[in-house]
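The values are calculated or read from the model by the stated rules, or taken from the named source; none is laboratory data. Since the model is a prediction, treat every value here as computed from it, not as a measurement. Here the Cβ positions follow ideal geometry from the backbone for every residue, glycine too, while neighbour counts run over all protein chains shown.
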């Protein structure tokens, strides 16, 4: 289940993860990963997963998100 962007949890994000769509060809995953996480507040699906050290921000990238940052 997707969360909404949370400023409090953002301060505690220690890890980042991106779930890529299977039906979209992505050439520069590293660059797009960085752009998505730098603009996490604009992503359609964001999830905060609790870890021992804080939170992992997991973005499920949609085709629209990828198009927006490309």
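I need a count of the residues in the range 44-58 that are under 17 Å from residue 8 (Cα atoms) and in contact with a helix residue (DSSP H, G or I) (Cβ under 8 Å, 6 or more places away or on another chain).
4
Kindly list the number of the only condition in (1) at pLDDT 95 or above; (2) surrounded by 11 or more Cβ atoms within 10 Å (Cβ to Cβ); (3) over 9 Å from the mean Cα position of the chain (by Cα); (4) not in a helix (DSSP H, G or I) that fails for residue 26.
So residue 26 meets the others, but not (1).
Does the range 1-19 hold any residues that are surrounded by 14 or more Cβ atoms within 10 Å (Cβ to Cβ) and within 10 Å of the chain's Cα centre (by Cα), and which are they?
Within the range 1-19, 16, 18 meet the criteria.
Out of 44, 35, report the one residue that is outside any strand (DSSP E or B), in contact with a strand residue (DSSP E or B) (Cβ under 9 Å, 6 or more places away or on another chain) and surrounded by 12 or more Cβ atoms within 10 Å (Cβ to Cβ).
44
Across the range 6-23, what is the number of residues that are in contact with a helix residue (DSSP H, G or I) (Cβ under 8 Å, 6 or more places away or on another chain), assigned to a loop (DSSP other than H, G, I, E, B) and at pLDDT 95 or above?
Selection size over the range 6-23: 1.
Can you tell me which residue is surrounded by the fewest Cβ atoms within 10 Å (Cβ to Cβ) among those in the range 53-67 that are over 16 Å from residue 4 (Cα atoms) and touching a strand residue (DSSP E or B) at 6+ places or on another chain (Cβ under 9 Å)?
Among residues in the range 53-67 that are over 16 Å from residue 4 (Cα atoms) and touching a strand residue (DSSP E or B) at 6+ places or on another chain (Cβ under 9 Å), the one surrounded by the fewest Cβ atoms within 10 Å (Cβ to Cβ) is 53.
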